[in-house]
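For reference, the structure discussed in these notes is given below.
The values are calculated or read from the model by the stated rules, or taken from the named source; none is laboratory data. From a predicted model like this one, the values you see are computed outputs, not experimental measurements. Positions of Cβ are backbone-derived with ideal geometry, glycine not excepted, and every protein chain shown enters the neighbour counts. With ligands, DNA and RNA removed, areas are computed over all heavy atoms of the protein, side chains included. Shrake-Rupley method; radii C 1.70, N 1.55, O 1.52, S 1.80 Å.
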Amino acid sequence: MHAGSGPTAVRRSSLREQIANALREEMMAGRLVAGHRFTVKEIADLYGVSATPAREALVDLTAQGLLRIEHHRGFAVPALTWEDFLDIIEARILLTDNVFRHLRRRASGIDGSRLPTVHRRAEAATRAARAGQLDVLVGCDRRFWQEVTGLLGNARIADYLDWLRVQSWMYAAPFLRGRSDLSRLCWDGHLDLVERIAERDGAGAQRTVVEYNRSLVELMARLSGRQLEAAARLPLLFDEPAAASAAAPVDGCGARSQAVPGQHDPCRVPGR
């Protein structure tokens, strides 16, 4: 198990949630790969906590389908198949398509006071994507989308989309990990999306997300050696031609090939 210079620091006020979040991001970054097994004691020792919060965190992740229990062997990271990935993307597409249609109908109702925070999250995710820093990107990208979906004011939708995004990263990260061309492959359209939302351009925001999901599916098909024809059941991606976008030309899953140096704690949002 990768822990960098040490296990992710946890706050004593919320050990259960902090451990679960740390393990979740380990899986999202592809550091805890499918089939990896561990026990409650190993997790408790790794994070320097008692068995109770470690067990609670593992049980929570199991209830979310992000881990599985193996009798007498502890917990294991599940293997997600290409079909699982397509199911995840399909659910994401159907929900986000309706989210942006909804935003188009109630654009004037978006809480503008939240947009500066969304913009800062977008900047952090963009820096990580353009620098090809997968370990940083998975966390920054997740926090960005949490802020975007938070604009709806519907916690259930936001939580479900977050759960789907965690799983899509769990599938994608092992294919991306260790590559030298991540700054070209990783999507960096976060700021473009925020600009469209800020301009109340619901149709443009919707197109941006469709293009992002389509390029992600195409990239994963290529890297995993799968047939793209299997994704034909995703009509919102492939049956409708994408409208022209104001974004710069993209490659892979949407990144420009401009590298930007990483920063210390790049996901930090000032003032929060």
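Summary table
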| read-out | value |
| --- | --- |
| Per residue, in Å², the accessible surface of the stretch 163-208 once ligands and nucleic acids are set aside, probe 1.4 Å | 35 Å² |
| Accessible-area value, Arg214, 1.4 Å probe, nucleic acids and ligands omitted, Å² | 40 Å² |
| Cα-based Rg / Dmax (Å) for the stretch 101-168 | 12.9, 37 |
| Surface per residue (accessible, 1.4 Å probe) for the stretch 70-160, Å² | 44 Å² |
| Among Ala129, Gln64, Trp82 - extreme Cα towards positive end, dipole of the stretch 53-202, charges at beta-carbon | Ala129 |
| Carbon/sulfur fraction of accessible area - the stretch 91-225, other protein chains in place, 1.4 Å, % | 47 percent |
| Net lengthening on full extension, Ser224/Ala63 (0.36 nm per residue, minus Cα-Cα) | 55.2 nm |
| Residue list for the stretch 179-216, given a label point 7 angstrom along the Cα-to-Cβ vector of Arg233 and an amide N cut-off under 18 Å | 214 |
| FRET efficiency, 1/(1 + (r/R0)^6) with R0 25 Å, evaluated for Ala91 and His36 via beta carbons | 0.50 |
| Rounded to the nearest 10 Å², the accessible area of Arg207 at probe 1.4 Å | 70 Å² |
| P(r), alpha carbons of the stretch 60-102 - 5 Å bins starting at zero, rounded % | 6, 19, 16, 18, 16, 12, 7, 4, 2, 1 |
| Spherically averaged projected area in nm², based on the convex hull that wraps the Cα atoms of the stretch 33-146 | 10.2 nm² |
